[in-house]
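Step one of this worksheet: look at the structure below.
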Amino acid sequence: METIVEENIDPNDLKKFEGLYNEQARRGHISEKTQFDYAWCLIRSRYVSDMHKGIALLEDLMRIAKDDLSQRDYLFYIAVGFVRIKEYERALKYTEAIRKIEPNNRQAQQLDGYIKAKMKKDGLLGMAIVGGAVLALGGLVGATIAAVKKK
Amino acid sequence: MAAGPYNYSYIFKYIIIGDMGVGKSCLLHQFTEKKFMADCPHTIGVEFGTRIIEVASQKIKLQIWDTAGQERFRAVTRSYYRGAAGALMVYDITRRSTYNHLSSWLTDARNLTNPNTVIFLIGNKCDLDAQRDVTYEEAKQFAEENGLMFLECSAKTGENVEDAFLDTAKKIYQNIQDGSLDLNAAESGVQHKPATPRNPITTDQPPNKENCSC
Ligand SMILES: Nc1nc2c(ncn2[C@@H]2O[C@H](COP(=O)(O)OP(=O)(O)OP(=O)(O)O)[C@@H](O)[C@H]2O)c(=O)[nH]1
Ligand SMILES: [Mg+2]
């Protein structure tokens, strides 16, 4: 899982997909695929500001996702994005959301385990729980997902 | 672990490609875990697996990228083709459409890998012979016309699964031995690991985690 989460993108790929995205933006219609490709490049960038932007684009896609499969895919990459900016508690909410769609999804389980190991290493697991951050964030993300699910 | 000498002398990078649901992840799982997953969710992007094998009494570590067949991930998965020494291209013998799409997978594989990349065609789910939709003969002919190695396999029973992964490695090793594969080329997909710790040849390869849980 580490291999997949920590890998940085080739800057040329990022440039290429940014170009496609900007081109479509200029024409006034961005396809779901172009937005996803660009978002995926952004979250694997070396720069935190890009990662934030990538997460925002994916959250936008989540809102229009038509089926469980695409929702699941976007949730996974949002989780990866949050791991990369070290917002582990938020990332965990997304792996949990995937499990609601596919309880036996190995990739979500592995990502979940990877995040928890990182939190433990950084001493964050205990802190977050004491601070009640998990609860507060859980409510927020939960509400977004609930809103998407009822359609 | 990382500090000790390597317990293998080469790393070969593989990719597994093909339509959704043909059994790519199950083949990888059967090869690395010797188990069949009856209910396997569609892969998100890519999954990663490793196994150490032996060819001509050389230990070789296979780093295998199992790609998602879903169209949405085409750009994501294409970025993993680069520098693959072996490509396993899979179709499902019970679904003709997955066979018909092979030429587009092959075009991608040819365009995005190097000329020495060994491409192995796998007709999966051969345990479901009663539902067969693609004959062995026509697939064999397709493979011959395109210079591909070919086997029918079953990720369920395990039939021929080892052979597909191992024959690919043997062919790559043979290409190294006869000099047709240049190890110093940037994207050969092969790393030579002399039995010393820490090797500087790490170009575009992912970090080698021994304890990958995939
Ligand atoms: N009978 C039989 N079923 C198989 C075999 N291999 C895979 N399956 C089933 O086929 C389905 C799809 O297998 P996967 O390995 O998930 O397919 P995939 O190619 O990885 O699909 P994507 O990840 O979506 O690209 C699963 O339900 C498996 O149980 C096989 O050799 N025989
Ligand atoms: Mg798969």
**Request:** Return only the number of the condition from (1) without any contact (Cβ under 8 Å) to a residue 40 or more places away in the chain; (2) within 22 Å of A:Ala91 (Cβ to Cβ); (3) of a type outside the set (D, E, K, R) that A:Ile43 does not satisfy.
**Result:** (1)
**Complete:** All conditions in (1) within 14 Å of ligand 1 (Cβ to nearest atom); (2) among the β-branched types (Val, Ile, Thr); (3) out of contact with any Lys or Arg (no Cβ under 6 Å at 6 or more places or on another chain) are true of B:Val90 except (3)
**Request:** Please go through the range B:2-13 and pick out each residue that is closer than 29 Å to A:Asp37 by Cβ and more than 14 Å from chain A (Cβ to nearest Cβ).
**Result:** B:Phe12
**Request:** Having 2 or more residues that are among the basic types (Lys, Arg) and away from chain B (no Cβ under 11 Å) is the bar; report the helices (runs of 4 or more DSSP H) wholly within the range A:28-120 that clear it.
**Result:** A:48-64, A:88-101
**Request:** For residues that are surrounded by 13 or more Cβ atoms within 10 Å (Cβ to Cβ) and over 12 Å from A:Lys53 (Cα atoms), tally how many sit in the range A:23-35.
**Result:** 6
**Message:** Can you find, within the range B:56-80, the residue that is nearest to the other protein chains (Cβ to nearest Cβ) among those that are surrounded by fewer than 19 Cβ atoms within 10 Å (Cβ to Cβ) and under 20 Å from B:Ala164 (Cα atoms)?
**Reply:** B:Lys59
**Item:** Among (1) aliphatic (A, V, I, L, M); (2) within 25 Å of B:Arg82 (Cβ to Cβ); (3) modelled with pLDDT under 95 - the single one A:Ile43 does not satisfy
**Value:** (3)
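Here's the yes/no breakdown for (1) aliphatic (A, V, I, L, M); (2) on the phi > 0 side of the Ramachandran plot; (3) within 16 Å of ligand 2 (Cβ to nearest atom); (4) surrounded by fewer than 20 Cβ atoms within 10 Å (Cβ to Cβ):
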| position | (1), (2), (3), (4) |
| --- | --- |
| B:Asp129 | no, no, no, yes |
| B:Glu137 | no, no, no, yes |
| B:Phe142 | no, no, no, yes |
| B:Ala155 | yes, no, yes, no |
| B:Asn160 | no, yes, no, yes |
**Message:** Among the residues in the range A:72-95, are any without any contact (Cβ under 8 Å) to a residue 60 or more places away in the chain and among the polar types (S, T, N, Q)?
**Reply:** yes
**Asked** Got a number for residues in the range A:8-22 being assigned to a loop (DSSP other than H, G, I, E, B) and surrounded by fewer than 16 Cβ atoms within 10 Å (Cβ to Cβ)?
**Response** 2
**Prompt:** Applying the selection to the range B:26-81, what residues are within 9 Å of ligand 1 (Cβ to nearest atom) and of a type in the set (A, V, I, L, M, F, W, C)?
**Reply:** B:Cys26, B:Leu27, B:Leu28, B:Phe36, B:Met37, B:Ala38, B:Cys40, B:Ile44, B:Ala68, B:Phe73
**Only one of B:Asp163, B:Asp167, B:Asp129 that is of a type in the set (Asp, Glu) and touching a residue at least 40 places away in the same chain (Cβ under 8 Å)** = B:Asp167
**Request:** Filter the range B:26-55 for residues that are of a type in the set (A, V, I, L, M, F, W, C), over 22 Å from B:Leu166 (Cα atoms) and either away from every other protein chain (no Cβ under 12 Å) or crowded, with 19+ Cβ neighbours inside 10 Å (or both) and give the result.
**Result:** B:Ile44
**Asked** Looking at (1) in a helix (DSSP H, G or I); (2) away from ligand 1 (no atom under 14 Å from the Cβ), which is the only condition B:Thr98 fails?
**Response** (2)
**Asked** Which one of the conditions (1) away from ligand 1 (no atom under 16 Å from the Cβ); (2) of a type in the set (D, E, K, R); (3) farther than 24 Å from B:Tyr80 by Cβ does B:Lys171 fail to meet, given that it meets all the rest?
**Response** (3)
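The values are calculated or read from the model by the stated rules, or taken from the named source; none is laboratory data. All of these numbers come straight from a predicted model, not from anything done at the bench. For neighbour counting, all protein chains shown are included, and Cβ atoms are generated from backbone atoms with ideal geometry for every residue, glycine included.
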